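The next block holds one structure in the form of structure tokens; read it before the comments.
The values are calculated or read from the model by the stated rules, or taken from the named source; none is laboratory data. On a predicted model such as this, the values are computed, not experimentally measured, just so you know. No Cβ is skipped: glycine too gets one built from the backbone with ideal geometry, and neighbour counts run over all protein chains shown.
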Amino acid sequence: MARHSMRWFVVMMVFVATGLSFLDRQVLSIAIIKIQKEFQFSDVEYGWVNTSFLLSYALMFTVGGWIIDRVGAKKGLAVAVGVWSVANAFHGLMNSLPQLIAFRFLLGLGEGACFPGAAKTVYDWFDKKERALANGIAIGGSAIGAVIAPPLTIMISEHYGWRAGFVIPGLVGVAWVVIWLLIPWKNSIAQINLQAAVKKVEAIPLLNLLKIKETWVFILMRFLLDPVMYFMMFWIPKYLSEVRGVAYQEIGNLFWVPFLALGVSNVLGGFISDKLVKSGFSVNKARKMVMGVAAALTLSVPMTEYVSSVYVAVGLMALYMFAHGFWITNYITSISDVFGQKATSTVVGLSGTAGAISSLLLNPMIGKIVQEYSYKPMWIACGVLYPLAFIGFMLLIPRIQPLFQEVLDNPADAAVLKADP
């Protein structure tokens, strides 16, 4: 396979992997309706099932990123996809609550390493002028997985039963691992880096990373903003039903729209950022311009509380998702711009863990606010947190530039990164 097509084939494989990660985690949210009827699980017990996933997911974001920075993206992502695919298939074999909790925990262990592995893969295969677009494609699969999960799960369940809804995607994941391991990784990387051999570098110890200001900036940004995304994922169906009076069937017809907007903007946000770099903008300007536009777009989200039309409200939710796609693509790309080959996966993992922990802690508070007051404070938070995070990013990291020397080994990268901010 030609050099150019090989690297895009790799990123499309990562697109499929992130799509499978979101599809696999959402199958239970659809199948639980039938599972609860069959096994008589209570809502509290279902809550414990979700908690087991979030705990292992939060843990493995950091641990998985740390491991991938040491064993490499090819091996690390293969193990991650393999673990969560087998765990997902096991869901179809469960016959008790402890089994479901255990399989859900195992699913989180695998999926926690997905996005650190995706970021590391993109860093290995793409230079600064194409890395944002590649990251957008790689993580954009997650949104597409979220779009297709409900109808696909329902279709499989109707024809083959709810257990097949877990087993079939699990087997697809195992097939993905086989194809992934056949990719000629080392030779392709050497070609893509302008025929220069890739230097063996040692990963930065975790404690040393935690002494770096930039590490904490990226961690705190994710800690601040991830609860907004989890609010959109977990609470919008309930909002549409209770506040907007939307019928259950109609929610399914509306809820995919914001996730489609997210998938489109993941790719578009990366494309625009890379286009700016190729047009002569510095990496610093390109990444921050797109993130600044994203932060500005979120300012309109509080209007969701006040518009009368449910379709306009869903449109505003889609606008938020569109803005988040711009933001998260360039956020992850900025981490790779700063931390390079030595620590990209670890820092992506640390920040992901921070976001999962923040969401886990704040979710009960969101419930209390919604129950005792209204959704209004949540919509206001959705509108102001991204601009606040962007202001902090501008002040605390005034220039996006590499911290470690190996990022400058490629002269073309060096020229881009040393451009005036």
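Structure notes:
- Residue in the range 30-37 that is without any contact (Cβ under 8 Å) to a residue 12 or more places away in the chain and not hydrophobic (A, V, I, L, M, F, W, C) present: yes
- Test: residue in the range 253-274 that is more than 21 Å from I137 (Cα to Cα) and among the small types (G, A, S): no
- The number of residues in the range 361-399 being out of contact with any His (no Cβ under 9 Å at 6 or more places or on another chain), part of a helix (DSSP H, G or I) and aromatic (F, W, Y) comes to 3.
- Taken together, A356, A323, A381 contain a single residue that is more than 20 Å from K288 (Cα to Cα), under 18 Å from the mean Cα position of the chain (by Cα) and small (G, A, S), which is A356.
- Selected residue [surrounded by 22 or more Cβ atoms within 10 Å (Cβ to Cβ), assigned to a helix (DSSP H, G or I) and either over 18 Å from the mean Cα position of the chain (by Cα) or small (G, A, S) (or both)] from A102, A78, A58, A118: A118
- Any hit, the range 269-290, residues being over 19 Å from E130 (Cβ atoms), surrounded by fewer than 19 Cβ atoms within 10 Å (Cβ to Cβ), out of contact with any Lys or Arg (no Cβ under 9 Å at 6 or more places or on another chain) and at pLDDT 90 or above: no
- The single residue among S300, S265 that is of a type outside the set (A, V, I, L, M, F, W, C), assigned to a helix (DSSP H, G or I) and under 23 Å from F218 (Cβ atoms) turns out to be S265.
- Residue within the range 356-378 that is aromatic (F, W, Y) and surrounded by 21 or more Cβ atoms within 10 Å (Cβ to Cβ) present: no
- Pairs are defined by a Cβ separation below 7 Å, a sequence spacing of at least 6 or placement on different chains, a first member in the range 319-337 that is over 23 Å from G383 (Cβ atoms), and a second member that is among the aromatic types (F, W, Y); the pairs so defined are I335/F218; S336/Y123.
- Matching option when the condition is hydrophobic (A, V, I, L, M, F, W, C), farther than 30 Å from W125 by Cα, out of contact with any helix residue (DSSP H, G or I) (no Cβ under 6 Å at 6 or more places or on another chain) and at pLDDT 90 or above, among F9, F39: F39
Every residue, every condition in (1) among the polar types (S, T, N, Q); (2) over 19 Å from P402 (Cα atoms), yes or no:
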residue	(1), (2)
R287	no, no
V293	no, yes
T304	yes, yes
G315	no, yes
Q341	yes, no
L360	no, yes
W379	no, yes
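- Checking the range 304-311 against the condition returns no match, with no residue being in contact (Cβ under 8 Å) with a residue 60 or more places away in the chain, within 30 Å of E130 (Cβ to Cβ) and assigned to a helix (DSSP H, G or I).
- Complete set of residues in the range 92-115 that are touching a residue at least 40 places away in the same chain (Cβ under 8 Å) and closer than 22 Å to G65 by Cα: R104, F105, L106, L107, G108, L109, G110, E111, G112, A113, C114, F115
- Only a single criterion out of (1) closer than 24 Å to R163 by Cα; (2) in contact (Cβ under 8 Å) with a residue 12 or more places away in the chain is not satisfied by A118, namely (1).
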